[in-house]
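Okay, so here's the structure we're looking at.
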Amino acid sequence: MLAWIRRFDLKKAGYVSVLIGIINILVHILVITGIIPYLWVNGGRSESFSAAQSTSFSSIIITLISILITVIASQIIPIRFNKFWGIVISVFLIVTLPLSFIEIIFQFLGTIFEKCVTSIVTIVGFCADTRIAFEKRW
């Protein structure tokens with residue numbers, strides 16, 4: 001299985017993951033500006049527009065951090081790691097994969113917008129993140 005996952009190019013997976021992050025940020029910006037109704041995201045559980053804005057701001061910050069980690073881990077920006085940091089990044093990425101899988105499940109349990117649009121984006125991002133996570137860095 002790992003050999004099959006590693007067949008895909010690491011940098012291409014990194015670019016796909018960054019693109020997915022940008023799409024995620026764009027969706028949250030559209031929610032903050034009111035172009036997309038706030039009831040379409042977060043499973044429709046946001047009680048008010050201000051609560052949805054707060055959640056969207058948090059999601060944007062988390063996505064920016066994940067884009068930074070992705071750019072480094074996929075070697076789009078080549079940084080040499082010693083063995084310790086290579087193991088730390090690999091363990092972090094592998095531990096966060098189940099969270100991404102749980103997010104896919106939540107997308108299918110959410111609103112129609114989440115089922116039709118963001119679930120596809122999340123699945124593609126999960127595939128790219130899986131490739132990045134299983135790169136041997138030491």
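Okay, here's what the table says:
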item	result
Probe 1.4 Å, protein heavy atoms only - accessible area per residue of the stretch 1-107 in square angstrom	65
Distance (nanometres) between label positions extended 7 Å along Cα→Cβ at Leu99 and Leu68	1.5
Computed Rg/Rh of the stretch 41-98, alpha carbon atoms with Kirkwood Rh	1.16
Hits among lysines - C-alpha to C-alpha of Lys12 under 23 Å, sequence gap 8 or more where chains match	Lys136
Rounded accessible area of Trp40 (nearest 10 Å², 1.4 Å probe)	120
Fully extended contour minus Cα-Cα distance, from Phe84 to Phe106, at 0.36 nm per residue	4.5 nm
Label corresponding to semi-axes √(5λ) of the Cα gyration tensor in Å when calculated from the structure given, among [x] 56, 15, 10; [y] 76, 10, 7; [z] 30, 15, 12	[z]
Loop sites in the stretch 36-88: trypsin sites (Lys or Arg not before Pro), DSSP, at most 15 other Cβ within 10 Å	Arg45, Arg80
Helix-only [θ]222 nm of the chain, DSSP H runs n ≥ 4, -39500 (n - 2.57) each, per residue, nearest 500	-23000 deg cm²/dmol
Dipole magnitude (debye, nearest 20) for the chain, charges at Cβ of Lys, Arg, Asp, Glu	640
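The values are calculated or read from the model by the stated rules, or taken from the named source; none is laboratory data. Treat the numbers as computed from the prediction; the structure is a model and nothing was measured. Cβ atoms come from the backbone with ideal geometry, glycine included; neighbour counts cover every protein chain shown. Heads up: the accessible areas ignore ligands, DNA and RNA and are worked out on the full protein's heavy atoms, side chains in. Shrake-Rupley method; radii C 1.70, N 1.55, O 1.52, S 1.80 Å.
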